[in-house]
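Chemist: Below you will find the structure I want to go over with you.
Derivation of every value follows stated rules applied to the coordinates shown; laboratory data play no part. Here the structure is a predicted model, which means the values were calculated and not measured. Don't worry about glycine lacking a Cβ; one is built from the backbone with ideal geometry, like all the others, and counts go over all protein chains shown.
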Amino acid sequence: MNYRRVVSMIVSLAICGGAGVLACASDGNELPKSGCGSASVSAGTTDANDSFKPRAYYGAKLEPKDTVLHGAGQDVNGFLDYCNVLGPDRTPQLYMTYIGLGRPVSQVIAWGKRLKKELEESNIKGLVPQVGVSLTRGGKEAGDGGEKEIADGSKDESIEAFCEALKALNRPVFVRIGYEFEGSWNGYRPDTYKAAFIRITKALRKHKINAATVWCSAGASAGNVPHEWVMKYYPGDEWVDWWGVDIFSPQEILSEKVRTFCADSAKHKKPVMIGESTPRYVGVLKGKASWDEWFRPYFKLIRTRPEIKAFCYINWEWAYWSNKLGFQWHDWGDCRIEQNEYVTRMYKDEMDSPLYEHLK
């Protein structure tokens, strides 16, 4: 989406209360289950009759065997309100946060300290950061790349600071390196993007960080980009743990591009994360109409694509953030699920499906 550069400004999100178990036994390849047992399951009833295709399992880093990880963001109040309205039995397991490696090293260090403090001061244990890593030079969508400096080593000090920040968290983490890589608003080129991705991944491995790397596409938001062109950005199976795709407008949910992307991920034996999603241009205020236009097809996509193993929802009122940060999001809608009773009820019912894994 054409709002991505703002995420470098949003350094990290506040966290709601709850309890999970980070210290449960694990081989480091899969996230610990809530309570060291099975995934959180509640007996809810959904408009999909609780039917879903069994999940594929590829043995990827931090991949759950038979569930879909639940995540949300992407500011202090948005995340808190989302947690509060869903209740403690539906606490998201993934916590969306962002950092730009094109920014001064001091800002990367400060981001790491803030994130660590927020996690420590929360009442949650087991919350897993889902970090969107921007490779652009500034904070706006100039389309002038920035990945070249990452690839040639000019930003190694920033990469080092980033790795040290993650290491200090002492918890698993998902890292979406150069997310929405094919988006024109980023301006990345395939060869230098791949080199930057590999350089960051090598650093994560050198530091022995329990991190899953996510190769995250802009999906249909990037326009009429053939899948063959998308694959020109692929660093290779050796360097990628998960594939990812971002989904916003209703048309994107139904896009053939998303289905082609998921099908190809299976050929590469990589689980798929929906890295960012929000009902753009729809919102929640129309209740059932909002649900039917965006949420119903969105969750149907998740339920019917066995490759999808994680999703992250942006719980924002977009006009507010447009005015606050100066981006053109005025017409994106109020997407805070707590703002409509019907959407809240249906969302809770959906989250009560045994398909989804939450912290408890």
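Chemist: Subtract the Cα-Cα distance of K125 and E338 from 0.36 nm times their separation in residues, and report this length gain in nm to one decimal.
Modeler: Full extension of this stretch gives 74.3 nm more.
Chemist: Taking the DSSP beta bridges in the chain as the whole, what percent of them are antiparallel, to the nearest 5?
Modeler: Numbers: 2 of 37 bridges.
If we restrict to bridges inside the chain, about 5 percent are antiparallel.
Chemist: Next question. On a C-alpha basis, how far is the centre of the range 303-359 from the centre of the range 238-292 in Å? Whole number, if you could?
Modeler: Taking the Cα centre of the range 238-292 as reference, the centre of the range 303-359 is 12 Å away.
Chemist: To the nearest 20 debye, what is the magnitude of the charge dipole of the chain about its Cα centre, counting +1 on the Cβ of each Lys and Arg and -1 on the Cβ of each Asp and Glu? Let's see the in-between values first.
Modeler: Working: 47 positive and 45 negative charges, 126 e Å.
The dipole magnitude comes to about 600 debye.
Chemist: Place a +1 charge on the Cβ of each Lys and Arg in the range 49-199 and a -1 charge on the Cβ of each Asp and Glu, then give the dipole magnitude about the Cα centre in debye, rounded to the nearest 20. Write down the numbers at each step before the final one.
Modeler: Working: 21 positive and 21 negative charges, 56 e Å.
The calculated dipole for the range 49-199 is roughly 260 debye.
Chemist: Give the residue from W239, A263, G223 lying farthest towards the positive end of the charge dipole for the range 222-267; charges sit on Cβ (+1 for Lys and Arg, -1 for Asp and Glu) and the dipole is referred to the Cα centre.
Modeler: Ranked along the dipole, the leading option is G223.
Chemist: Could you give me the ³J(HN,Hα) list for the range 78-87, computed from phi with Karplus coefficients 6.51, -1.76, 1.60 and θ = phi - 60°, whole Hz, x at Gly and Pro?
Modeler: Running phi through 6.51 cos²θ - 1.76 cosθ + 1.60 with θ = phi - 60° gives x, 5, 4, 4, 4, 4, 5, 6, 7, x Hz.
Chemist: Shape of the range 264-346 from its Cα gyration tensor (a ≥ b ≥ c, root eigenvalues): rounded if a/c is under 1.5, otherwise prolate when a/b > b/c, or oblate? Please list the in-between numbers first.
Modeler: Values: a/c = 2.86, a/b = 1.52, b/c = 1.88.
Verdict is oblate for the range 264-346.
Chemist: From a point 7 Å beyond the Cα of N84 in the direction of its Cβ, which residues of the range 323-360 have a backbone N at a distance under 20 Å?
Modeler: Counting only backbone N, you get 334-349, 359-360.
Chemist: Hey, what do the phi angles of the range 271-280 turn into as Karplus ³J(HN,Hα) couplings, whole Hz, using 6.51/-1.76/1.60 and θ = phi - 60°, x for Gly and Pro?
Modeler: Running phi through 6.51 cos²θ - 1.76 cosθ + 1.60 with θ = phi - 60° gives x, 10, 10, 7, x, 8, 7, 6, x, 4 Hz.
Chemist: Here's another thing I want to ask about it. Excluding residues fewer than 8 places away in the same chain, name every one of the lysines whose C-alpha is closer than 25 Å to that of K65.
Modeler: List returned: K33, K53, K125, K208, K267, K269, K270, K300, K309, K348, K360.
Chemist: Could you bin all the Cα-Cα distances of the range 149-191 into 10 Å bins starting at 0 and give me the percent of pairs in each, rounded to whole numbers?
Modeler: It works out to 23, 42, 31, 4, in whole percents.
Chemist: Please name which of G275, S134, Y320 has its Cα lying farthest along the dipole of the chain towards the positive end, using unit charges on Cβ (Lys, Arg +1; Asp, Glu -1) and the Cα centre as origin.
Modeler: S134
Chemist: When you take every Cα atom in the chain, what is the radius of gyration, and what is Dmax, the widest Cα pair distance, in Å?
Modeler: In Å, with Rg to one decimal and Dmax whole: 18.5, 53.
Chemist: Scan around G102 for amide H atoms under 5 Å from its own, H built in the peptide plane at 1.01 Å from N, and keep only partners 5 or more places away or cross-chain.
Modeler: Amide H neighbours of G102: T136.
Chemist: Between V343, L285, G333, whose Cα lies farthest towards the positive end of the dipole of the range 246-360 when Lys and Arg beta carbons carry +1 and Asp and Glu beta carbons carry -1, centred on the Cα centre?
Modeler: Of the options given, the answer is V343.
Chemist: Next question. Using the Cα centre of the range 261-321 as the reference point, and only Cβ charges (+1 on K/R, -1 on D/E), how large is the resulting charge dipole? Debye, rounded to the nearest 20.
Modeler: So the dipole magnitude of the range 261-321 works out to roughly 300 debye.
Chemist: Defining a contact as two alpha carbons under 8 Å apart and six or more residues distant in sequence, what relative contact order in percent does the chain show?
Modeler: Values: 810 pairs, mean separation 90.6, N = 360.
That works out to 25 percent.
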